[in-house]
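The values are calculated or read from the model by the stated rules, or taken from the named source; none is laboratory data. The structure presented is a predicted model; accordingly, all values stated were derived computationally and were not measured. Here Cβ is always computed from backbone atoms with ideal geometry, including for glycine, and neighbour counts include all displayed protein chains. Note: accessible area is taken over every heavy atom of the protein model, side chains too, but ligands, DNA and RNA are not part of it. Shrake-Rupley method; radii C 1.70, N 1.55, O 1.52, S 1.80 Å.
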Amino acid sequence: MSDIIHLLPDSVANQIAAGEVVQRPASIVKEMVENSIDAGADDIEVRAIDGGKNCVQVIDNGCGMSETDARMAFERHATSKIKDAKDIYQLTTMGFRGEALASIAAVAQVELTTRRPDDEIGTFIQIEGAKVTDQKPVACPVGTNFSVRNLFYNIPVRRKFLKKTQTELNNIIQDFERIALVYPDVKMRLFHNDVPVFTLDRTNLKTRILEVCGKKMENALLPVEAETSIVNVSGFVGKPEHAKKKGARQFFFVNGRFMKHPYFHSAVERAFDDIVQGGEHVDYFIYLDIDPQNLDVNVHPTKTEIKFENEQIIWQIINACVREAIGKFNAVPSIDFNRSSDDIYIPVMNPSKEVKMTRTPSSFNPFDKTHTEKPSTYNWESLYPDSQQDDGGEPKEVVVRGALSNQVPEQTSLWNDGEGMHDVDVNLESDENRKYINVNERYIVTTLKSGLGIVDQHRAHVKILFHEYMERMRTGQTMSQGMLFPEIIHLSTSEEQTFLQIEADIKALGFELTPLGNGAFSMNGIPSGMEGRDYDKLLHSLLWVAEENKNSMMQDVKENMALAMAQHSAVGYGQKLSDDEMKHIIKRLMTMTNPFRTPDGKVIVHILEQNDFDKLFK
Ligand code: ADP
Ligand code: MG
């Protein structure tokens, strides 16, 4: 068998968008696993030590390399995948630049063992900082085994900037997932410090998604399918009632490549516009198959944005087939399938098999029932362990000077107004007769000494709870409510990793979780006051917030978690408050240093003073 790797001529190499390929250990995993896929492997094992900073090893059962190719593979612009620039627009492989191995070998210590099926003996090569330090024949299994040690060992500044082990591991998991979600027919395993993180057998797409993203999605996905002359769309979208504020798993792939595409993202979100509540998002796993000629993958090697021809039409197709998936799922007679003006006809691959996409009328909301339902009775008192003590005292009132500025105050920390509660200019007023009116189940209007206070009920409660939760995390004083029947919940692998990092805070917030293995946990306790609420969803949101802020200071992580939890648990709009509840909110709010803004800077209170009234009547 002949050698297959060749050097790209400069004229071709120069047309390939270049850039730093190796940024972190996850880059090595991505490049190596993509190479294994391109080599036709159906069994790939990744082993990372210390977040990959110490070692990343990728073992596959692919086509292997000849002795000459094994050596050649480390040259810049050496590839077996394209010959000239126009091949970039006919790609059937993940790689094409011929740069990854050269880049990796320049900044790490690499060992390669490889054998082709027809060769009796394999090849071993050792390279350090781009120099071959050893090469010899070896007996080895068919396939390729790369180990990459001590990334950036020869560039101390860059090595210093590698993140914590857990962060680097999370990045590896993210890149591994993006490939695993495309190749369900490839057995894939990831080990970290010899502990299995993923063990994915060959299976179908749906099972692979569940294994990667968590079994809780089992009954939460709707199939999406369309074959058109421009693009084939397949995959799954989450059912609307599983939409969440944070942490939705959203993936687009085109021709087997993960991509970010904000415009197409809006096509999916738009399909759910009238169905899910504002600010909530659904999970989706959407796979586009398209003629590579209509695609430009030749962008910066580490970027995940891809340019398309016909973006608007593809937007429409995605939007239509997601709507169709939702419509089918509901099969509600009130969808008027005959309204021709709502139909979208899409040119199809096979003219004998015409696909007609029906657009659900935008006013139709099949989930009206669930979404207009008010939350169950709110367990108010239990949120305030110290409310008894407060009951005797009178509300303190803050004297407001001048109009409230609409500008969001500059805050270096969300948590900068919790402690010094008594430094404020407060007026204690004995006012048993203070009146509270709940306007539109949204605002609390009350008389304050300085005027008429209009308080946003949700924001006020967010503020109060935020401080409550920060305090719980600071003191470690858990307010947990034991569950009569512990519930089993499932965390995806990345969620589980995040959980391990912030376990103490999650516990302080009131969650009691016992690991059962394989991503399953028994939920034995939940934050008090959360009874009857969707605490499962809340937990996932908290993990998502922590993951999103993984590169920030711990204090920021805590603040963002406290805020997420407060936003989730606070009274909503449309929830009628009793006099006692309103009194309670106002009283608590007015003891705070800055009762006017939520931790994320939104206005909570407006005060209309005598002057303001006078102006109205001029
Ligand atoms: P590219 O993937 O863009 O071609 P790389 O630097 O990643 O560039 O790899 C260079 C070449 O090495 C590939 O074109 C391929 O021929 C060979 N190669 C890399 N990894 C493997 C592997 N796991 N199995 C077989 N061949 C491989
Ligand atoms: Mg490659």
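Taking a ≥ b ≥ c as the square roots of the eigenvalues of the Cα gyration tensor of region 184-320, is the shape rounded (a/c under 1.5), prolate (a/b larger than b/c) or oblate? Intermediate values should be presented prior to the final figure.
Numbers: a/c = 1.73, a/b = 1.17, b/c = 1.48.
Taking the square roots of the gyration eigenvalues as a ≥ b ≥ c, region 184-320 is oblate.
Under 21 Å of direct C-alpha separation, and excluding same-chain neighbours fewer than eight residues apart, residue 328 reaches these lysines: 206, 239, 353, 356, 369.
Electrostatic bookkeeping for residue 171 treats Lys and Arg as +1 and Asp and Glu as -1; over the other residues with beta carbon under 14 Å from its beta carbon, the sum is 0. The protection proxy used here, the mean number of other Cβ atoms lying within 10 Å of each residue, ranks peptides 285-293, 306-314, 105-113 as follows, highest first: 105-113, 285-293, 306-314.
Tell me, rounded to the nearest percent, the portion of alpha carbon pairs in region 130-252 spaced more than 17 Å apart.
The calculated P(r) of region 130-252 puts 72 percent of pairs beyond 17 Å.
D by Stokes-Einstein for region 236-275, Kirkwood Rh over Cα pairs, 10 °C, 1.306 mPa s: 140 µm²/s.
Counting Cα-Cα pairs of region 530-618 in 5 Å increments starting at 0 gives whole-percent bin shares of 3, 10, 14, 18, 17, 16, 9, 4, 4, 3, 1. Computed extension length for residue 199-residue 232: 8.9 nm, one decimal, from 0.36 nm per residue of separation with the Cα-Cα distance subtracted. Quick one: with all protein chains in place, what share of the accessible area of region 537-618 is carbon or sulfur, to the nearest percent (1.4 Å probe)? Roughly 53 percent, rounded to a whole number. Taking only the Cα atoms of region 131-195, the ratio Rg/Rh comes out at 1.04, with Rh defined as the Kirkwood radius.
Solvent-free Debye calculation, one equal scatterer per alpha-carbon of region 261-301: log10 I(q)/I(0) at 0.19, 0.23, 0.24 Å⁻¹ equals -0.72, -0.87, -0.91. Taken over the Cα atoms of region 1-100, the convex hull encloses 106 Å³ per residue. A cut-off of 5 Å between modelled amide H atoms, ignoring neighbours fewer than 5 places along the same chain, links residue 222 with 237, 238, 239. The spread of Cα positions in region 159-222, taken along each principal axis and listed from longest to shortest, comes to 44, 22, 19 Å.
Provide the packing ranking of 163-172, 115-124, 52-61, i.e. peptides ordered by the mean count of other C-beta atoms within 10 Å per residue, highest first.
Working: 163-172: 19.4, 115-124: 17.0, 52-61: 21.8.
Averaged packing, sorted descending, gives the order 52-61, 163-172, 115-124.
Within the full protein context, the accessible area of residue 544 is estimated at about 90 Å² for a probe radius of 1.4 Å. Rg ratio for region 432-483: its Cα radius of gyration over 2.2 N^0.38 Å, N being its residue count, equals 1.57. No solvent, one uniform scatterer per C-alpha: report log10 I(q)/I(0) for region 98-159 via the Debye equation at q = 0.13, 0.20, 0.22, 0.26 1/Å, two decimals. So the normalised log intensities are -0.37, -0.75, -0.85, -1.03. With the cut-off at under 19 Å, measuring from each backbone N in region 231-270 to a point 7 Å along the Cα-to-Cβ line of residue 185 picks out 232-236, 253-258. Residue 264 sits among other residues whose Cβ lies under 13 Å from its own Cβ, and their net charge, with Lys and Arg +1 and Asp and Glu -1, is 0. Per q in 0.17, 0.22 Å⁻¹, report the Debye log10 I(q)/I(0) for region 61-132, using one uniform scatterer on each alpha carbon and no solvent. The calculated log intensity ratios at q = 0.17, 0.22 Å⁻¹ are -0.69, -1.01. Taking 1.306 mPa s as the viscosity and 10 °C as the temperature, the Stokes-Einstein diffusion coefficient of region 465-513 based on its alpha-carbon Kirkwood radius rounds to 134 µm²/s. Over the Cα atoms of region 66-196, the radius of gyration divided by the Kirkwood radius equals 0.98; this is the Rg/Rh ratio. Per residue, the Cα convex hull of region 436-595 amounts to 120 Å³. Annotation: average projected area of region 53-100 is 4.6 square nanometres, based on the convex hull of Cα atoms across all directions.
Each other residue within a Cβ distance under 12 Å of residue 106 adds +1 if Lys or Arg and -1 if Asp or Glu, for a net charge of -1.
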